[in-house]
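Colleague: One structure, pasted below without further comment.
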Amino acid sequence: MTPATLLAALALTAAATGAAIAQGRDQVQIAGSSTVLPYATIVAEAFGENFDFPTPVVQSGGSSAGLKLFCEGLGEHTVDIANASRPIRPAEIAACAANGVTDIIEVRFGYDGIVLASLTDGPDFTAFQPADWYRALAETVPVDGRLVPNPNARWSQVDPGLPDVPITAFIPGTKHGTREVFEEKLILQGCRDSGALADMLAAGMDEDAAESACMAIRKDGRAVDIDGDYTETLARIQSNPEGIGVFGLSFFENNADKLKVATIGGVEPTARSVAEGAYPVSRPLFFYVKKAHVGAIPGLREYTEFFLSDQVAGPGGPLARYGLVPDPELAATRRAVQDEKTM
């Protein structure tokens, strides 16, 4: 087969795939991050009210779960968009490619912060350092050149200035993108700040093994994985008033009547401190679009462009009012999406 013939065959295959998708479904399908879920839901509902397309279907389940569905392949039975509170991983890109999803449009639409919050009338959790959370939740800690099980059972053992209550932390489960940010920007940073990482390296551990040991979370019930969304975390704290949970900034801001937030490193989590990079535990938010479905699934292109409009994702828009920190480079992202620029 000549190169020209091959290109023609590929073009026909692509056209046939697009036609099959279009004939099979006329509603945008979205899955993924529970952090992105409320933003995507706001946009989907406004889109359905203002455009002549069905309201997109938005499902949660976590960043990893959404990207797994996204990477299952092309066609009417696969999702069009994956929401994520972290960048897509190289292994996920490879899994996508193995199933024919080779052209992916990455859309960064804003920022959010991870906050540590407890009940308004609960213990006096008002200020933390990353090292506090490492000492509280690490599975093992270095003592005299070797790793031993974490002996800390109460927050006052971590730091005498913290409340004298049992350590009970409700943290994102491993399928959530928030978990990765939590481990890297809070637990690993706390391991560094406490000197524990340096102790491990001095004892002869290689850097990768030492960092993995830093981020290994204890499994004795002091740290409780939450696989659902932040409403489940809130419910668990309400059932255990001495507990503390990990939330997205926007969720906290919308539940400030029930929760109080702690500073990290002396910095209060606000839209401004997140946007300026002063708050140490913040992250960008994304969604990923299958280029092959653009133009094939009715409304997919229009939904994506609507999401990125200044009226929706810009300052003063409904997403910012809900708690999103708008991306200063939103206009550049919008141009890249209009040009269907892939990763």
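The values are calculated or read from the model by the stated rules, or taken from the named source; none is laboratory data. From a predicted model like this one, the values you see are computed outputs, not experimental measurements. Don't worry about glycine lacking a Cβ; one is built from the backbone with ideal geometry, like all the others, and counts go over all protein chains shown. In case anyone asks, the SASA skips ligands and DNA or RNA and just uses the protein heavy atoms, side chains included. Shrake-Rupley method; radii C 1.70, N 1.55, O 1.52, S 1.80 Å.
Colleague: Among 68/260; 219/258; 68/290; 68/341; 175/290; 68/291, which pairs are too far apart, with a Cα-Cα distance over 25 Å? It would help to have the intermediate numbers written out before the result.
Modeller: Numbers: 68/260 35 Å; 219/258 28 Å; 68/290 13 Å; 68/341 22 Å; 175/290 22 Å; 68/291 17 Å.
Among 68/260; 219/258; 68/290; 68/341; 175/290; 68/291, the Cα-Cα distance tops 25 Å for 68/260; 219/258.
Colleague: Take peptides 328-339, 100-111 and line them up by average Cβ neighbours within 10 Å, highest first, as a rough protection proxy.
Modeller: Working: 328-339: 14.3, 100-111: 20.2.
Most protected by this proxy first, the peptides run 100-111, 328-339.
Colleague: Starting from the Cα gyration tensor of the chain, multiply each eigenvalue by 5, take the square root, and state the resulting semi-axes largest first in whole Å.
Modeller: Details: eigenvalues 327, 114, 53 Å².
Semi-axes, largest first: 40, 24, 16 Å.
Colleague: Can you give the accessible area per residue of the chain, in Å², using a 1.4 Å probe? Don't jump to the answer; show the numbers that get you there.
Modeller: Values: 14870 Å² over 343 residues.
Value returned for the chain: 43 Å² of accessible area per residue.
Colleague: Something else now. If I model a spin label as a point 7 Å beyond the Cα along the Cα-Cβ vector, how far apart are those points for residue 212 and residue 77 in nm?
Modeller: In this crude label model, residue 212 to residue 77 measures out at 3.7 nm.
Colleague: What's the ranking of 88-94, 280-286 by average number of surrounding C-beta atoms within 10 Å, highest first? Write down the numbers at each step before the final one.
Modeller: On the way: 88-94: 14.6, 280-286: 21.4.
Descending mean neighbour count gives 280-286, 88-94.
Colleague: Between residue 144 and residue 321, what length in nm is gained on full extension when 0.36 nm per residue of separation is reduced by their alpha carbon distance? Don't skip to the answer; put the middle values down first.
Modeller: On the way: separation 177, 0.36 × 177 = 63.72 nm, distance 5.06 nm.
Gain in length upon complete extension: 58.7 nm.
Colleague: Quickly estimate the mean residue ellipticity at 222 nm for the chain, helices only: each DSSP H run with n ≥ 4 gives -39500 (n - 2.57), and the total goes over all residues, rounded to 500. Intermediate results must be reported in sequence, preceding the final value.
Modeller: Values: 17 runs with 139 residues, N = 343.
Mean residue ellipticity, 222 nm, calculated: -11000 deg cm²/dmol.
Colleague: Please give the Cα centre distance for region 203-282 versus region 135-150, rounded to the nearest Å.
Modeller: Region 203-282 and region 135-150 have Cα centres spaced 20 Å from each other.
Colleague: Can you compute the charge dipole magnitude of the chain about its Cα centre, using +1 on each Lys and Arg Cβ and -1 on each Asp and Glu Cβ, nothing else charged? Give it in debye, rounded to the nearest 20. Display every interim value, and only then the final one.
Modeller: Numbers: 27 positive and 44 negative charges, 58 e Å.
Here the chain has a charge dipole of around 280 debye.
Colleague: Which value, in debye to the nearest 20, gives the size of the charge dipole of region 116-164 about its Cα centre, when Lys and Arg are +1 and Asp and Glu are -1 at the Cβ?
Modeller: Details: 3 positive and 7 negative charges, 39 e Å.
Dipole size: approximately 180 debye.
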